[in-house]
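> Structure in structure tokens, see below.
The values are calculated or read from the model by the stated rules, or taken from the named source; none is laboratory data. Please read all numbers here as calculations on a predicted model, not as lab measurements. Please note: Cβ atoms are built from the backbone with ideal geometry, for glycine as well, and neighbour counts cover all protein chains shown.
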Amino acid sequence: MDILIVGSGGREYSIGLALRNDKNVENIYFAPGNGASDRLGENVAISDFEQLADFVELHGIDLTIVGPETPLVEGIVDVFETRGLRIFGPSKAAAQLEGSKIFMKNFLARHNIPTARYIETDSQEVAYTFVESLTPPIVVKADGLCGGKGVIIVPNHHEAKEAIKAMLNGSSFGEAGKKIVVEEFLDGYELSVFAICDGKDYVILPAAQDHKRLLDNDKGPNTGGMGAYAPTPLVNETIYTALRQKVVEPTLRGMEAEGMPFRGVLFMGVMVVGGEPLILEYNVRFGDPECEELMPLLKSPASELFYKAAIGDLANATIEFHDKYAVGVVMASKDYPYKSSPPTQIIIDDIIHDDIKANAHISFAGVSQGSDGELLATGGRVLVCVGVGESLKEAHAMAYKLCGQIHFAGKQCRTDIAYQAL
Ligand code: AMP
Ligand code: GLY
């Protein structure tokens, strides 16, 4: 089959790699892709949804997989489905689970899904009153999409009120912050858990852990994610069972009952507190860089997983995973996450070590091609070195050996990915 992947990051590249190794897949297209994805398929410079649907019709593409949240929240799935084209991802209505934190929190409350105590409001007075009822730290969230930056955690009531004021008057996040969620702080450890859903049935992927802060020991500013690994030993059967019974199943039943069956990736941001998983947030797509570690752990053909989910037939799929571990280390550009850095050439050593060749690979993200076809680091997160092994320790060693073979001016990466498990 022929598949179009929408997006341009390391996440989309890793889905492309999984499909490249899948004998059911012939042609792969990326819209728009990046400076390395043309090694896996063809880059297509179209962003308009109707024009993309024209392209899919013209080329007889069997399935479209959407990577990032923005096109989902803007309704790409509705456009494709109206035209009878097969696409993997949630409808615009279902994508509100990520597009609006208020929608998500109210949905969790309606369906008794465990989450932090909260209020949602556009009133400063109401927010201030609720703040007084909380013991700091306090969490303030803008309702709309803010590119992962709309969550502020503050150590006292005064700063909570300052953050609330700046959101509600539009000065911190514009329109996205004109309604807010204020909630209690949950003290525990975080997991990223993904369920591939077809509206009714689902497959849970091995639980992952992301590393959001820029620097080692979880210091420095928040980023999109500096590395991840899976499966994490911080999860156990009790947590998986709670996630199935108290989170995923009520979510799928609730979304169906409310007229917006959820098809796509349900990304559960989970905080485990006292052994119980609570939902911090939902996203409606794969995490980046979590996807880069999960794709190599997939033993079943990736096309089967995505295709059966898209046609509502996961009940008839047997999806298997390798009994292995994967660790991904992000290499970011010099000024990430503060500002973009000048383009700089990426040099990759000839990999002469058999173990690295066999057990590690790169998922390219913020890269483009120079005038001579050379690879340039142009984005914030440039690429992800992924190692796979029989143990986390092995996977970790592979990922870092590969990092040692990659050079560009100003590169930054954390040296402690997976530390909570090692
Ligand atoms: P979100 O975008 O909602 O995932 O929030 C970004 C990050 O803020 C999460 O990954 C958590 O580390 C943190 N966070 C969000 N909500 C809470 C909470 N209620 N308690 C503690 N940490 C939180
Ligand atoms: N790595 C977290 C995210 O994709 O939101």
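> Does residue 50 count as among the acidic types (Asp, Glu), in a helix (DSSP H, G or I) and either under 21 Å from residue 179 (Cβ atoms) or in contact (Cβ under 8 Å) with a residue 40 or more places away in the chain (or both)?
no
> Same structure, new question: If residue 376 passes every condition in (1) touching a Lys or Arg at 6+ places or on another chain (Cβ under 7 Å); (2) in contact (Cβ under 8 Å) with a residue 40 or more places away in the chain but one, which one does it miss?
(1)
> Mind listing whichever residues of the stretch 117-145 are aromatic (Phe, Trp, Tyr) and either assigned to a strand (DSSP E or B) or at pLDDT below 95 (or both)?
118
> Mind telling me which of the residues 98, 74, 69 ends up being surrounded by fewer than 16 Cβ atoms within 10 Å (Cβ to Cβ) and within 26 Å of residue 197 (Cα to Cα)?
After applying the criteria, what remains is 74.
> Filter the stretch 277-329 down to the residues that are assigned to a strand (DSSP E or B), more than 16 Å from ligand 1 (Cβ to nearest atom) and not hydroxyl-bearing (Ser, Thr, Tyr) and list them by number.
Hits for the stretch 277-329 are 298, 321, 326, 327, 328, 329.
> Another question, if that's okay. So how many residues does the stretch 215-274 have that are of a type outside the set (Gly, Ala, Ser), touching a residue at least 60 places away in the same chain (Cβ under 8 Å), surrounded by 18 or more Cβ atoms within 10 Å (Cβ to Cβ) and closer than 19 Å to residue 422 by Cα?
Adding up the residues that qualify gives 5.
> Let me ask another. What about residue 327, is it β-branched (Val, Ile, Thr), surrounded by 24 or more Cβ atoms within 10 Å (Cβ to Cβ) and in contact with a strand residue (DSSP E or B) (Cβ under 6 Å, 6 or more places away or on another chain)?
yes
> Do you know which of the residues in the stretch 380-422 that are touching a Cys at 6+ places or on another chain (Cβ under 8 Å) and part of a strand (DSSP E or B) is farthest from residue 328 (Cα to Cα)?
Here the answer is 406.
> The conditions are (1) touching an Asp or Glu at 6+ places or on another chain (Cβ under 7 Å); (2) aliphatic (A, V, I, L, M); (3) not in a helix (DSSP H, G or I), and residue 242 fails exactly one of them. Which is it?
Checking residue 242 against (1) touching an Asp or Glu at 6+ places or on another chain (Cβ under 7 Å); (2) aliphatic (A, V, I, L, M); (3) not in a helix (DSSP H, G or I), the one that fails is (3).
Residues checked against (1) without any contact (Cβ under 8 Å) to a residue 60 or more places away in the chain; (2) in a loop (DSSP other than H, G, I, E, B); (3) β-branched (Val, Ile, Thr); (4) surrounded by 17 or more Cβ atoms within 10 Å (Cβ to Cβ):
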| residue | (1), (2), (3), (4) |
| --- | --- |
| 152 | yes, no, yes, yes |
| 161 | yes, no, no, yes |
| 167 | yes, no, no, yes |
| 172 | yes, yes, no, yes |
| 175 | yes, no, no, no |
| 183 | no, no, no, yes |
| 187 | no, yes, no, no |
| 194 | no, no, no, yes |
| 206 | no, yes, no, yes |
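> OK, next. If you take the residues of the stretch 78-95 that are in contact (Cβ under 8 Å) with a residue 60 or more places away in the chain and not in a loop (DSSP other than H, G, I, E, B), which of them is nearest to residue 266 (Cα to Cα)?
The residue in question is 88.
> Residues 352, 356, 362, 348: which one is of a type outside the set (Lys, Arg) and exposed (fewer than 13 other Cβ atoms within 10 Å of the Cβ)?
Being of a type outside the set (Lys, Arg) and exposed (fewer than 13 other Cβ atoms within 10 Å of the Cβ) holds for just one of 352, 356, 362, 348, which is 352.
> How many residues are among the charged types (D, E, K, R), more than 23 Å from the chain's Cα centre (by Cα) and either within 20 Å of residue 378 (Cα to Cα) or exposed (fewer than 15 other Cβ atoms within 10 Å of the Cβ) (or both) if we restrict to the stretch 43-66?
3
> So, one more: Pick from the stretch 172-212 the residues that are under 27 Å from residue 334 (Cβ atoms) and modelled with pLDDT under 95: which of them is farthest from ligand 1 (Cβ to nearest atom)?
172
> Go through 301, 277, 296, 289 for me and flag whichever is in contact with a Leu (Cβ under 9 Å, 6 or more places away or on another chain), closer than 25 Å to residue 98 by Cα and surrounded by 15 or more Cβ atoms within 10 Å (Cβ to Cβ).
277
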